[in-house]
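Every number here is computed from the coordinates shown, using simple stated rules; none is lab data. What you see is a predicted model; the values in this text were computed from it and never measured. With ideal geometry, Cβ positions are generated from the backbone for all residues, glycine too; neighbour counts draw on all protein chains shown.
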Amino acid sequence: MGKKKKHPDLQRFRGLVSPTATAVKKSVCSVGFIVSAIKILALVLFYYTFSIGLTFYNKAFIHHFQIPLSFTLSHLIIKFMLAGMVRWIVECRTKTERVNLSWRPFLLQIAPTGIASSIDIGLSNWSFEFITVSLYTMTKSTAVIFILAFSILFRIEKPRWSLSIVVLLVSTGLFMFTYHSTQFNLEGFIMVMSASVLSGFRWGLAQLILQKEEIGLSNPLDMMYHIQPWMVLVLLPLAAIFEGIPLATTSDFFRFYDYTLVLRNLAMVFGGAGLAFMLEFSEFLLVGQTSCLTFSISGIFKEICTLYLANKFNGDQMNTVNVIGLLVCLCGITFHVILKALHRGDNKKAALNREEMMEMIRDEGQDSDEEEVFNASRDR
């Protein structure tokens, strides 16, 4: 019997798939990718530790005291003081002066990021007074869409259809995973949606600032030091308007009767500020070393871990739709990792091409200057 003839369409499909599969295998199995993956994993775990811890910490504090804006404002002030103190210690130890921005970049580049960050964090914490954690998580999951949109708008990411698939998978999966919310409040929903839009805007700007060498804020500590004043400036009047009188008349802080009680409450505030300081440091570190889109994807997996812990320790029930959503979300994250491996070589080539182009421009400039000097001396 003769050999069975292969279908031409099947052969064409294999010819298209085989090179891509080989490229994926080479990229994922390369030493550079493995080292990069371990580095990113360490940064993500560092971020998870403080983010999940602060989520449960804030939930307990805000539920008890009902002053989310003042609580957030105190965190911002303490973070600014901690960043300044650590910068001073590092400066004394290394004998190297830390970067201090002039007014122009401080106003034009840092101010928009700080203002958007302050409103994002303030609205997110404030919304807990109106909506449940499940609805908050489901709504805030749309932030990954806005992060992708602003990344493309700021030309951080190239507009590829594959990125849209990643966002669709992750957003759909997280929506299904949190599809057990029983309460809906329009005011709280609008707050979280506004925070999601601002989250995409501020992390896009943050990546531009962190990865732009001309600004000099690649160190997360310097970024935190320069951005906190703008965040405090925006949140201070809001906290005074909405929570000034309740805070001034509460016996938990200003009108206290027991020194032990107020010292305990202040210790809780400073403890939360310490967690917030380490969280923001890990966030800027992760965005600076990777991208805001990678940060958002890892943040979504963090939300899944948070909801799982809430299910484990608080007794929240998970149905079949939630489990399917978890699997869909994990597929989207896995797809994102594969895409990062595939385009890793393209990014290196693009960076090398940019460097070669800059060298050619510099060489042409030097050649033209030498030619002008030669012509001038010949004319003389």
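If you take the beta carbon distance between Leu45 and Val86 as r and set R0 to 30 Å, what does 1/(1 + (r/R0)^6) give as a FRET efficiency, to the nearest 0.05?
Efficiency at R0 = 30 Å is approximately 0.85.
Using a Förster distance of 56 angstrom, determine the FRET efficiency expected from the C-beta separation of Leu101 and Thr320, and round it to 0.05.
0.60
Set the Förster distance to 35 Å, then compute FRET efficiency between Phe270 and Ala240 from the Cβ-Cβ distance, nearest 0.05.
0.95
Could you tell me how many cubic angstrom of Cα convex hull volume the range 44-198 has per residue? Please list the in-between numbers first.
Details: hull volume 25.6 nm³, N = 155.
Measuring per residue, one finds 165 Å³ for the Cα hull of the range 44-198.
How far apart, in nm, are the 7 Å Cα→Cβ label points at Ile34 and Phe256?
5.5 nm
I want to check the label-to-label distance for Lys158 and Glu214. Put each point 7 Å from Cα in the C-beta direction and report it in nm to one decimal.
With each label placed 7 Å out from Cα toward Cβ, I get 2.4 nm.
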